[in-house]
Amino acid sequence: MKVYQVAKTAQPTFQHEIWILFGKQLNKNQPDTEFKQRLNTVIDWLPIEKPKCLILQGGIICKNTLSEAQAGQAYLFNSSKFISAYRDTTSLILEDRSKNTLQNLKYTREYLQQTKLPLNVTLISNRYHLLRCSVMAKNMGFSTRCLPAEKEWHLNLTQVYKILLEAFFLNWYCTGRFVSQLLNNEKILHKIR
């Protein structure tokens with residue numbers, strides 16, 4: 001229910017000058033529709049909000065030869081609206097080692113800590129993905145705001161499937177974290193912190 005509620009009601013909230021855009025698996029080195037929604041959200045909001053730092057996340061997955069971060073950068077640089085806003089204010093960072101959401105956040109946190117930037121971030125992803133991103137980020141010490149990729153959310157069979165899948169992943173993460181804390185399993189806790 002929480003995944004559904006966040007997907008349905010998420011509104012753009014900012015206040016943080018560091019934006020994290022979650023990558024998504026490419027299709028023959030090209031962003032799919034949902035990844036393009038995330039990127040287009042940045043293109044639309046960047047000239048208005050002018051963040052100091054935009055971090056594109058995602059490594060090379062499956063048979064692709066480009067990382068998700070590299071494909072996202074190429075898509076953004078193909079937009080004159082993005083380029084004109086980006087030149088003035090925003091630094092662009094590629095986090096292209098990660099293979100999943102947890103790694104996205106771990107490697108980004110590592111970068112922010114090394115560069116002495118705050119862990120106050122705006123998370124950009126599709127609505128069904130926002131709750132899991134936010135829960136994981138908060139458990140890793142981030143202070144988060146969310147920027148949904150879709151302007152509105154529409155209930156359909158595809159979205160129901162994605163909500164259920166996200167709920168499963170979120171439950172798996174929370175259960176694993178709880179059991180690891182209960183058993184004081186440092187090996188697993190290290191992976192998810």
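Membrane-span-like helices of the chain, defined as complete DSSP H segments with a Cα extent of 24 Å or more along the helix axis and a mean Kyte hydropathy of at least -1.0, are identified as 157-183. Ordering Thr65, Thr122 by accessible surface, largest first, gives Thr65, Thr122; the 1.4 Å probe counts only protein heavy atoms, with every chain in place.
Would you calculate a helix-derived [θ] at 222 nm for the chain, using -39,500 (n - 2.57) for each DSSP H run of n ≥ 4 and dividing by the full residue count, to the nearest 500? It would help to have the intermediate numbers written out before the result.
Working: 8 runs with 106 residues, N = 193.
The helix contribution divided over the chain gives -17500 deg cm²/dmol.
Within the stretch 104-193, the proportion of C-alpha pairs whose separation exceeds 19 Å stands at 49%.
Based on the alpha carbons, how large is the Rg to Rh ratio for the chain when Rh follows Kirkwood? List each step's numbers first, then the result.
Working: Rg = 16.3 Å, Rh = 17.0 Å.
With Rg and the Kirkwood Rh in hand, the quotient comes to 0.95.
For the stretch 1-152, with every protein chain kept in place, what is the accessible area per residue (1.4 Å probe, Å²)? Present the calculation step by step, with values, prior to reporting the outcome.
Values: 7340 Å² over 152 residues.
That works out to 48 Å² for each residue.
When only Cα pairs below 8 angstrom with a gap of at least 6 residues are kept, the chain shows a relative contact order of 27 percent. Listed cross-link partners Lys52/Lys191; Lys52/Lys116; Lys138/Lys191; Lys2/Lys151; Lys28/Lys162; Lys116/Lys151 are compared with a 25 Å cut-off, the Cα-Cα value being larger for Lys52/Lys191; Lys116/Lys151.
Of the accessible area of the chain, computed with a 1.4 Å probe over protein heavy atoms only, carbon and sulfur atoms account for 55 percent.
Under a model in which nothing but the beta-carbon of Lys, Arg (+1) and Asp, Glu (-1) is charged, the chain shows a dipole of about 360 debye around its Cα centre.
The values are calculated or read from the model by the stated rules, or taken from the named source; none is laboratory data. All values reported here derive from a predicted model rather than from experimental measurement. A quick note on method: Cβ atoms are made from the backbone with ideal geometry, for glycine too, and the neighbour counts reach across all protein chains shown. Areas reflect the complete protein model, heavy atoms only, side chains present, ligands, DNA and RNA absent. Shrake-Rupley method; radii C 1.70, N 1.55, O 1.52, S 1.80 Å.
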